[in-house]
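Structure, as structure tokens:
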Amino acid sequence: MIEQLKIDFEKLIKNSNFSKKNVEIKRKSFHNFIEKGFPNRREENWKFSDLNQIISKNIKNLSFYNDLSKPNKIDQSIFIDGLEHNKLVFVNGRIEKIEFDYEEKNKIEILDDLVLEKSNDDNNSLLSLNNAFVSKYFKLIVKKNYSLQKPLVIYNITNKDLVSKSINLKVDIFLEENSSLKLVDFSDDKSNTNFINVNYSFDLQKYSILKNYKIDNNSNNNIKYYFNYISQEINSVSEIFLLSSGSEFIKNEINCNLRGKYSSAFVNGIFILNKKKHHEIKTNINHLVENTKSYQLIKGVLEDTSKAVYQGKIFVDSKAQRTNGYQLSKAILLNDNTEFNAKPELEIYADDVKCSHGSASGSLNEDSIFYLMSRGLNYNEAKKLLINGFLLDVVEKITDSEIKNLIKNIMSLKQ
Amino acid sequence: MREKEIDKLKDYKYGFTTDIENVRAPKGLNKEVIEYISKAKKEPNWMLDWRMKAFERLKILKEPNWQKPKYPKIDYQDIYYYSAPKSASEKPKSIDELDPKLLDTYKKLGIPLQEQQRLNGIAVDAVFDSVSVATTFKDKLNEVGVIFCPISEAIQKHPELVKKYLGSVIPLTDHYFATLNSAVFTDGSFVYIPPGVRCPMELSTYFRINASQTGQFERTLIIADKGSYVSYLEGCTAPMRDENQLHAANVELVALDNAEIKYSTVQNWYPGDENGKGGIYNFVTKRGLCKGINSKISWTQVETGSAITWKYPSCVLQGDNSIGEFYSIAITNNYQKADTGTKMIHLGKNTRSKIISKGISAGFSDMTYRGLVDISSKAKNSRNYTQCDSLLMGNKCGAHTVPYIKNKNPESNIAHEATTSKISEEQLHYCQQRGLNPEEAVGLIVNGFCKEVLQQLPMEFAVEAQKLVGISLEGSVG
């Protein structure tokens, strides 16, 4: 694989006109990746999901060079119906459409000619890989005091042409003081066995609000890694919702840093898995100053031989007095061969804090099923009702009613 | 000078040393030392072979380094692996023949071996540095067929039992410190409870490290045969020294059908002074195997000492319907560090486990609860309940919780809860209003916080533990 990597990397440098500075940073990142390789279970972070093994098992002849010179057709039918929204469309890793029809033009800025920053975490080899192979890196800036009228949907689409490729995307979002953004990540894959590596960075200035909904619902056998870095200033709020269901393997990593007083972070997630899917959510919430708050709720329903992993960590710095941290993970195992692994972790250095976590997993409550069946439902209906109720709890946490309804429709949940 | 000594002793009352002539093996870890130990213990050949196998294995093993408290590299060649009071080399037949200095030492520790016989009906095995010096109540135990003796004696007298069970729970190849122990272990207790016998008294071992530059590597093996019951207590102390001393013990428990073992520890090794100098590295491997159906193993620990505590008393629940329990209080003050917890491995059907862990950190200390609950796909209808609470005093200390929860069985239930908090102003105010001074108030609240675990201890130990909790936190309220 190393040979292939080297060839592909040189090809990328040759065929693109990166600035000198960028080439230098790319080379550094590239060497870091070569040295470390794909993470394996010997790394604590990847203990429950050995990516190296997963990739070598699922993808044959992974190639890293992606020819982005020709435009791809956009299949209009995948656009979300019944929701007015702005669009950013990536097809097979190439940007195909930027459309902000509902917004004031001078309030939003999109930069794509940027100097890469050195990856802030050299231990994460996937960020190095992303840095080395990303071709265009975007930055969206929302100006001071502006709230987007309509949500922005980033479509990440792959079509049949894409096979055994590594796709790397990098998007930065900068919310200036008192601005707000609703962002939906929507992926739709018709491709086979690719490795998709997305690196998001969110910078929330004072009083800004970010709502990010990540929807991965359509079955496909791609391997995905989403890294989300969030930095929050005074009084900012971030809300993240994950619907983790479609891909063969997906790991969502959220690294949230509460740097300003009274900032708060919410992470809610749902796993709905079947077949041999293997999904993971890993969160790292760092409370760095006083009076910050975080809340995490993760629920999963597992079927067949699927496996879900939740690794959640709350870190409280010694300066971060009066922190409030909460974390709960629950899973229902429907089959003999399903597996739920959790590692809810607390690392606390301040004394005036309220932190708690809980985790539970088990089967459906037979008494509840009996109750519903005695009222005329058949076994499957009763089961479905209970599962829906279990998951609805998380969906109800979504604060935007329009998107809440959209997600309910996608999950075919009705009240 | 003398006053200084006395001042020092106030903080850690077990910090004295005893001037007793020692016989030591040469310093360092090598084949000759292991042969020396084996010879000194008059061991049969199979035992020496076993040690050598462990030593060979040790050469290719690496010291683990994933733990939270880091420590400076240990020079394994700079430790005495065997140290025995000279007077014990000719083994005394009864306690009356013991070196009076040794008896004095144990008196100071609050375990007068002679009076013990008459007073509270606890059989004691006392381990001083590397040898077991006295075991009380032998006759009475013999009557019901209970074997309670130093393990070196068991190797000679009951080789069939030792051969069968030694290393059956913690294999030779387990991990670095367990393997090190297998190669160089010196003494420890051996307990065998015959079928259907309920051990008539509490069994107890008292460990003491006396000599300097010595590591203590004891090995305890407890076997509860079908339908038997035993409660076992362990206590430990060491003198105050500026150097760090290593304590790497192995404890193996085997419970057969319908048997129950209750293992309680009050660990009070020297924790180092208030600047974090000296103290014991307590790297212990404790594991119990619920081998038979309906068996039960319960660990209770009160950890207040040691510079670094790094241990996970675990239960392997192999037999159907077996039960594992873990109750723990860990207190760290000054610069102490602890990384402790448990592992509950569910293999059999209908197995149950319960984990109650209370951590208290004060001063500049650091405390980690690390636990594993693993329910395998065959462990149908198993249950686990985990609760781990931490209490922080001041913002220079840390409290961490790292549970690993693995569930592969849909018919099983796992519940985990954890909280971290501090003593609230209201609670303190309430107590002070009723006439308690701040330290007493904190003591009362902390004892309430720990109550669930303290209740699990046998009565005599509970009183001691309660006092210990108070002493460990002295000076942490300001």
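The values are calculated or read from the model by the stated rules, or taken from the named source; none is laboratory data. Keep in mind it's a predicted model, so treat the numbers as computed, not measured. Glycine also receives a Cβ, built like all others from the backbone with ideal geometry; neighbour counts cover every protein chain displayed.
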*Of the conditions (1) crowded, with 21+ Cβ neighbours inside 10 Å; (2) β-branched (Val, Ile, Thr); (3) part of a loop (DSSP other than H, G, I, E, B), A:ILE230 clears all except one; give me its number.*
(3)
*Which one of A:LYS251, A:LYS276 is within 26 Å of A:LEU129 (Cβ to Cβ), outside the structural domain of A:LYS47 (by TED's automatic domain parsing), of a type outside the set (Gly, Ala, Ser) and in contact with a Ser or Thr (Cβ under 7 Å, 6 or more places away or on another chain)?*
A:LYS276
*Return only the number of the condition from (1) at the interface with chain B (Cβ under 7 Å from one of its Cβ atoms); (2) among the hydrophobic types (A, V, I, L, M, F, W, C); (3) assigned to a loop (DSSP other than H, G, I, E, B) that A:ALA360 does not satisfy.*
(3)
_Unmet criterion (only one of (1) crowded, with 21+ Cβ neighbours inside 10 Å; (2) out of contact with any Phe, Trp or Tyr (no Cβ under 9 Å at 6 or more places or on another chain); (3) modelled with pLDDT under 90) for A:TYR349_ = (2)
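Tell me yes or no: at least one residue of the range A:62-85 is part of a helix (DSSP H, G or I), free of Cβ contacts under 8 Å to residues at least 12 places away in the same chain, polar (S, T, N, Q) and on the phi < 0 side of the Ramachandran plot.
Filtering the range A:62-85 down to residues part of a helix (DSSP H, G or I) leaves A:76-78.
Still in the running and free of Cβ contacts under 8 Å to residues at least 12 places away in the same chain: A:76-77.
In the following step, the residues that additionally are polar (S, T, N, Q) were identified as A:76-77.
Of the ones still in play, those that are also on the phi < 0 side of the Ramachandran plot are A:76-77.
Taking every residue of the range A:62-85 in turn, at least one turns out to be part of a helix (DSSP H, G or I), free of Cβ contacts under 8 Å to residues at least 12 places away in the same chain, polar (S, T, N, Q) and on the phi < 0 side of the Ramachandran plot.
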*Among the residues of the range B:368-389, how many are at the interface with chain A (Cβ under 7 Å from one of its Cβ atoms) and part of a strand (DSSP E or B)?*
0
*If you check B:VAL302 against the conditions, is it within 10 Å of the chain's Cα centre (by Cα), touching a residue at least 24 places away in the same chain (Cβ under 8 Å) and over 28 Å from B:TYR80 (Cβ atoms)?*
yes
*asked:* Can you find, within the range A:22-73, the residue that is surrounded by the most Cβ atoms within 10 Å (Cβ to Cβ) among those that are more than 14 Å from chain B (Cβ to nearest Cβ) and among the hydroxyl-bearing types (Ser, Thr, Tyr)?
replied: A:SER29
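Please verify whether the range B:348-367 includes one or more residues that are more than 10 Å from chain A (Cβ to nearest Cβ), among the β-branched types (Val, Ile, Thr) and under 17 Å from A:GLY358 (Cβ atoms).
Residues of the range B:348-367 more than 10 Å from chain A (Cβ to nearest Cβ): B:348-360, B:363-365.
Add one more test, that the residue is among the β-branched types (Val, Ile, Thr), and what stays is B:351, B:355-356, B:360.
If we keep only those that are under 17 Å from A:GLY358 (Cβ atoms) too, we end up with B:355-356.
Yes, some residue in the range B:348-367 is more than 10 Å from chain A (Cβ to nearest Cβ), among the β-branched types (Val, Ile, Thr) and under 17 Å from A:GLY358 (Cβ atoms).
Of B:LYS349, B:LYS337, B:LYS380, B:LYS343, which residue is surrounded by 24 or more Cβ atoms within 10 Å (Cβ to Cβ) and among the charged types (D, E, K, R)?
B:LYS337
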*Considering only residues that are in a loop (DSSP other than H, G, I, E, B) and aliphatic (A, V, I, L, M), look in the range B:269-312 and name the one that is farthest from B:GLU234 (Cα to Cα).*
B:ILE293
*When you scan the range B:391-409, how many residues do you find that are more than 7 Å from chain A (Cβ to nearest Cβ) and part of a strand (DSSP E or B)?*
1
_Scan of the range B:276-309 for residues that are of a type in the set (Phe, Trp, Tyr) and farther than 13 Å from B:GLU260 by Cβ, ordered by number_ = B:TYR281, B:PHE283
_Answer residue from the range A:210-227, given it is in a strand (DSSP E or B) and touching a residue at least 60 places away in the same chain (Cβ under 8 Å) and is nearest to A:LYS307 (Cα to Cα) among those_ = A:ILE223
*Within the range B:392-409, is there a residue that is in contact with a helix residue (DSSP H, G or I) (Cβ under 9 Å, 6 or more places away or on another chain) and either of a type in the set (S, T, N, Q) or crowded, with 20+ Cβ neighbours inside 10 Å (or both)?*
yes
*Within the range B:410-431, how many residues are in contact (Cβ under 8 Å) with a residue 24 or more places away in the chain and more than 7 Å from every other protein chain (Cβ to nearest Cβ)?*
1
*Just checking, which of A:VAL142, A:VAL89 is more than 19 Å from the chain's Cα centre (by Cα), farther than 23 Å from A:LYS251 by Cβ and of a type outside the set (Lys, Arg)?*
A:VAL142
*Only one residue in A:SER63, A:SER69, A:SER29, A:SER49 is more than 22 Å from A:LYS136 (Cβ to Cβ) and small (Gly, Ala, Ser), so which one is that?*
A:SER49
*Given the conditions (1) within 14 Å of chain A (Cβ to nearest Cβ); (2) closer than 27 Å to B:ARG383 by Cα, and given that B:CYS450 satisfies all but one, which numbered condition is not satisfied?*
(1)
*asked:* Every residue in the range A:305-336 that is part of a loop (DSSP other than H, G, I, E, B), in contact with a Lys or Arg (Cβ under 9 Å, 6 or more places away or on another chain), more than 7 Å from chain B (Cβ to nearest Cβ) and surrounded by fewer than 24 Cβ atoms within 10 Å (Cβ to Cβ), please.
replied: A:THR305, A:ARG322
*Name the residue, out of A:GLU339, A:GLU347, that is within 9 Å of chain B (Cβ to nearest Cβ) and either more than 24 Å from A:VAL289 (Cβ to Cβ) or of a type in the set (Lys, Arg) (or both).*
A:GLU339
*asked:* I need the full set of residues from the range B:313-324 which are assigned to a loop (DSSP other than H, G, I, E, B) and either in contact with a Phe, Trp or Tyr (Cβ under 9 Å, 6 or more places away or on another chain) or surrounded by fewer than 24 Cβ atoms within 10 Å (Cβ to Cβ) (or both), in order please.
replied: B:PRO313, B:GLN318, B:ASP320, B:ASN321
*Is at least one residue of the range B:320-335 aliphatic (A, V, I, L, M) and either under 29 Å from A:GLU366 (Cα atoms) or within 13 Å of chain A (Cβ to nearest Cβ) (or both)?*
yes
*Filter the range A:287-300 for residues that are crowded, with 22+ Cβ neighbours inside 10 Å and in a strand (DSSP E or B) and give the result.*
A:HIS287, A:SER294, A:GLN296, A:ILE298, A:LYS299, A:GLY300
*Inspect all residues belonging to the range A:276-285 and state whether any of them is within 27 Å of A:ASN222 (Cβ to Cβ), among the charged types (D, E, K, R) and without any contact (Cβ under 8 Å) to a residue 40 or more places away in the chain.*
yes
*Is it true that A:GLY82 is modelled with pLDDT under 90 and within 18 Å of the chain's Cα centre (by Cα)?*
no
